[in-house]
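Please treat every number below as a calculation from the coordinates, not as lab data. Computed from a predicted structure; not experimentally measured. FYI the Cβ positions are ideal-geometry reconstructions off the backbone, even for glycines, and counts take in every protein chain you see.
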Amino acid sequence: MSKWPNLPLASTVQCRKEFVQIDDLEQYKRCRVQLHAQGIVLRDTVPGAEIKTKKQQVCKAGDFLVAEIDAKVGGFGIVPDDLEGAIVSSHYFLFEVNEKVLNRRFLDFFIRTPAFREQVAAQGSTNYAAIRPNDVLGYKLPLPPLAEQRRIVARIEALSAKIEEARRLQKEVIAGLDNLCRSMIFNESFSSSTKTPMRDLVRLREPDVVVRSEELYSFAGVYCFGGGVFKGQQKSGMEFAYPRLTQLKTANFVYPKLMAWEGALGIVPADCDGLMVSTEFPVFEVNESRVYPEVLDVYFRTPSVWPALAGVSTGTNVRRRRLNPSDFLNYQMPLPPLPVQQKLRQVKGKADSMKKLQAETAAELAALLPSILDKAFKGEL
């Protein structure tokens, strides 16, 4: 329980309705309220002629903005400075904060807590789930003196900055390791790579699984833009028309014919071993006496490589380009000597370990701020 008085928002904010007539010849910024209390962002900037409802509300920086329908799922936030003068429809409510009694950043942090969101959800779960201005004015918040509010805000911001710094450092280290791996292929200071056709490095596998309608099959997919191979859906043999599938093995190379030119290529990770892909996904066994799988993974997940793949893809419609196996096998890549590949493998191993650690700690870092806010509004920070 908070040691401060729990007061209704009506004692600190006032509902404000300020409408303007839209001029067809003027440009207007429009707000978008992100769900789950993630704040207010710019939706778009449009000419008045494109706005059908000609009476709109004007936002002021620091206003508390609440979406009539989406409030129950966290559709509210504080209007940022760069959205001063932006417009919203009458389906939003604007509240001016009395900064003589309530620090707007204090309110901004409080509305992200379960203590606030549970109040909104409780009133938004009736037959008519929309929120009304009087509902908002009835929500309560712990209200310490203004000086204490400022101290709490400063403390939360300092701790938040440390969380973000931890995230930034993790990303920076991983990016540095990824760039080092790429430099071992593309940078001549590391080695003199030799252009080598893929047919000398990989072998196309034939589909090896006969589909049975009564069986369940767990599929893999490949993300575009270098996202790599991932676990997909499970389907029964009755849900698709392919008579045969290919069962992936760890360290195979795979891509979808249709999306390869957008960076949808990669090596099969251990956690996707045994998953299935359709015949629209060519699967290759890697000749590890010539090239390490890690080298192929780094190379084909590099954005500068994808335009060349688009050039060898067939299809008149850009969105229907297909990278056929024969064209892929003719494609030539710079192949570093094996000692350089060995170093790349070691660096990539460290990068992958860092990525795994980052994924494991992401939830912990994400939970830190809610924990900090909980302590802050109980007066324990």
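Along the stretch 200-205, what does the Karplus equation 6.51 cos²θ - 1.76 cosθ + 1.60 (θ = phi - 60°) give for ³J(HN,Hα), rounded to whole Hz, x for Gly and Pro?
7, 10, 9, 10, 5, 8
Report, by chain and number, residues whose modeled amide H sits under 5 Å from the one on V283, excluding near sequence neighbours (fewer than 5 apart, same chain).
R205
Computed from the coordinates I sent, mean projected area of the Cα convex hull in nm² equals one of (1) 26.0; (2) 29.4; (3) 18.4. Tell me the label.
Checking each listed value against the structure points to (1).
Among T113, T53, which comes first, then next, by fewest other beta-carbon atoms within 10 Å?
On the way: T113 17, T53 10.
With the sparsest Cβ surroundings first, the list reads T53, T113.
Find the relative contact order for the chain and round it to a whole percent, using C-alpha pairs within less than 8 Å whose residues are 6+ positions apart.
Once normalised by length, the contact order is 15 percent.
Given H placed 1.01 Å from N in the peptide plane, which residues other than close sequence neighbours of L335 have an amide H under 5 Å from its amide H?
Here T194, K195, T196 satisfy the definition.
Starting with the highest mean, order 237-243, 294-300, 102-108 by the number of other Cβ atoms within 10 Å, averaged over the residues of each peptide.
Order by mean packing, descending: 294-300, 102-108, 237-243.
If each residue's Cβ is checked for other Cβ atoms within 10 Å, how do V222, V312 rank with the fewest at the top?
Final ranking by Cβ density, sparse to dense: V312, V222.
Taking other Cβ within 10 Å of each residue's Cβ, how do C224, C31 sort, fewest first?
Lowest count first: C224, C31.
If the cut-off is 16 Å between C-alpha atoms, which aspartates and glutamates fall inside it for K162, apart from same-chain ones fewer than 8 positions away?
Within the straight-line cut-off, K162 pairs with E172, E364.
Restricting to DSSP H runs of at least four residues, report the calculated mean residue ellipticity at 222 nm for the chain, -39500 (n - 2.57) per run over all residues, nearest 500 deg cm²/dmol.
-10500 deg cm²/dmol
I'd like the distance separating the alpha-carbon centroids of the stretch 162-221 and the stretch 62-93, in whole Å.
Spelled out, the Cα-based centre of one part sits 42 Å from the other.
What residues have an amide H closer than 5 Å to that of G266, excluding those fewer than 5 places away on the same chain, when H is modeled at 1.01 Å from N in the peptide plane?
V254
Give me a comma-separated list of calculated 3J(HN,Hα) values for the stretch 208-225, in order, Karplus coefficients 6.51, -1.76, 1.60 applied at θ = phi - 60°, integers in Hz, x for any Gly or Pro.
Values per residue, Gly and Pro as x: 10, 10, 8, 6, 10, 4, 7, 8, 9, 10, 9, 9, 10, x, 10, 5, 6, 6 Hz.
Which of the helices in the chain, when you take each full DSSP H run, stretch at least 30 Å along the axis at their Cα atoms and have an average Kyte-Doolittle score of -1.0 or higher?
Answer set is 146-186, 338-376.
Compute the distance in nm between two label points, each set 7 Å from the Cα along the Cα-to-Cβ direction, one at E380 and one at T361.
In this crude spin-label approximation the distance works out to 2.4 nm.
For the stretch 124-223, run through the chymotrypsin sites (Phe, Trp or Tyr not before Pro) and keep only the ones in DSSP coil with at most 10 other Cβ atoms within 10 Å of their Cβ.
When the chymotrypsin sites (Phe, Trp or Tyr not before Pro) of the stretch 124-223 are filtered for loop state and at most 10 Cβ neighbours within 10 Å, Y128 remain.
Given labels modelled 7 Å from the Cα in the Cβ direction, how far is it in nm from N187 to Q332?
Distance between label points: 2.5 nm.
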